[in-house]
Structures are given as C-alpha cells and as structure tokens.
Amino acid sequence: MTDQRSYDAVLYDLGGVFTDSPFEAVMRVGDELGTDPEQMLEIVFGPYHEDTDHPWHRLERGELPLEDARNEIIELGRREGIDSDPYRMLALLAAGGGPREEVVQSVHRLRADGYRTAIVTNNAREFRDAWLTMLPFDEMFDAIVDSSAVGMRKPNPEIFHHTLRELGGIEPARAIFLDDHEGNIRAAEAVGLRGILVGLDPAEALAALERLTSVR
C-alpha cells in the first residue's frame, strides 16, 4: 500500500498535554482563595496569547530566575489585593497524577509509524531536571525544545520554525501541533502547522490526532 499520509511530524506541548494543565491549577488556586480565577491567571501568567515582559514570560525565556519571577508576581498580586504566589500552583501540579498514559501511547504509535516527534514547551530552567525524569524523552522525541534553553517562547513563531529545523527541515504544512492554550494553537496555525487544542480530557484531541495520522 502506498503511504498517502499528509503529515511527517507531530509536535507536543508538555504541561497541559502530558500532565495536568498549569492554567487549570492557577484557576483552582484563585477559586480556593475566593479570587476571580481569570484575574489570578492574568496576574500569574500574564497575557499568555502574547510574548511580553511579564515576569513569567521572562522566566520562560530564561531571562529571569524563578525566585525573582515569583517575587515580581507576588508584588503584582499585592497591588490588586490578591495573594498570587505561583508556588501554590506548582504545589498542585506536583501533587497531580503524573503523565497521561494515553498521550504517551500516542507518541509510541506515531514513532512506530515513522513520524518525527518533538516537545515544544514553555518552561523554566529550574524545572528542567524534574520534568526530564518524568518520561524517557530522548527515546520518545527527535527534538526537545525548552523555551528557557532557546531564549524564545510560544507564541513567538520562531520557536516553531526552530523546532521544524531541529526535525530536519520539515515544512510547517507537514506538521501537527498539540497544545492546551488556544493562543499557542493560533500562533502555530499562523506559521502553517495543523493545530489541535487539548482540553482537560485529552481524548477528543487524541481522536483528532488519530484521524489525521492514520493512513487510509
């Protein structure tokens, strides 16, 4: 049978795709503290559909140490009368259920079928040693792109071009990207990738991925 597939590579976000969503964790903290969850999300993460000088964005670009970013975010919250310590969100994530096995299995299926795979994560230097022990990333992915290591973060379009170059120069139209934030999906689609938004339950997104990557 002739391979008539339309794509050659699949790019995955990390948090919110393989693990619980950090956005949901921040909103849960806001709800528990009696604060508007959307306001808490804006204070902790800034306008996440943009790439700005918010302290969390600078942290993810490797420009600011975690403790400095934390202090600046606490100060942003204090001005609004809100306890916005991001460590509460990190504690919720640390207590989560671990990697989502169904997402892990999707990677193994794709690699068995000859697809190139990559991680594209907005992350902090201080978290890298921890999340790299979560899965056998070197066996599962041909490229691991950490925003704090490359100095750029989603939704900057260059991070997608960089990843595709790391995968051997794959054309954007031949790649799929999964992420739990709509702004990042829109940014990838503007570059030419096919985006799949991942919800709290990844089943629908994985079904869409299966349809796109199964050769008929």
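The values are calculated or read from the model by the stated rules, or taken from the named source; none is laboratory data. Because the structure is a prediction, the values reported are computed rather than measured. Cβ placement follows ideal geometry from the backbone for every residue including glycine, while neighbour counts extend to all protein chains displayed. For accessibility, only protein heavy atoms count, side chains too; no ligands or nucleic acids. Shrake-Rupley method; radii C 1.70, N 1.55, O 1.52, S 1.80 Å.
Strictly greater than 19 Å: what percent of every Cα pair in the stretch 69-168 meets that?
When every Cα pair of the stretch 69-168 is considered, 57 percent fall beyond 19 Å.
Roughly to the nearest percent, how much of the accessible area of the chain is carbon and sulfur, given a 1.4 Å probe?
Ligands and nucleic acids excluded, carbon and sulfur reach 47 percent.
With the other protein chains left in place, how much accessible area per residue, in square angstrom, belongs to the stretch 111-216 at a 1.4 angstrom probe?
46 Å²
Please work out the Cα center distance from the stretch 105-122 to the stretch 3-82, rounded to the nearest Å.
A separation of 24 Å, based on Cα centres.
Restricting to DSSP H runs of at least four residues, report the calculated mean residue ellipticity at 222 nm for the chain, -39500 (n - 2.57) per run over all residues, nearest 500 deg cm²/dmol.
-13000 deg cm²/dmol
For the chain, take the convex hull of the Cα atoms, compute a quarter of its surface area, and give me that in nm², please.
It is 11.4 nm².
Assign unit charges at the C-beta atoms only (+1 for Lys and Arg, -1 for Asp and Glu), then state the dipole size of the chain relative to its Cα centre in Debye, rounded to the nearest 20.
With only Lys, Arg, Asp and Glu charged at Cβ, the dipole is about 740 debye.
Name the most mobile residue of Arg61, Arg128, Arg186, meaning the one with the largest mean-square fluctuation, in a Gaussian network model of the chain with Cα contacts below 10 Å.
Result for the chain, Cα springs under 10 Å: Arg128 fluctuates most.
Which one, Ala205, Ala173, Ala188, has the greatest fluctuation when you compute a Gaussian network model over the chain with C-alpha springs under 10 angstrom?
Ala173
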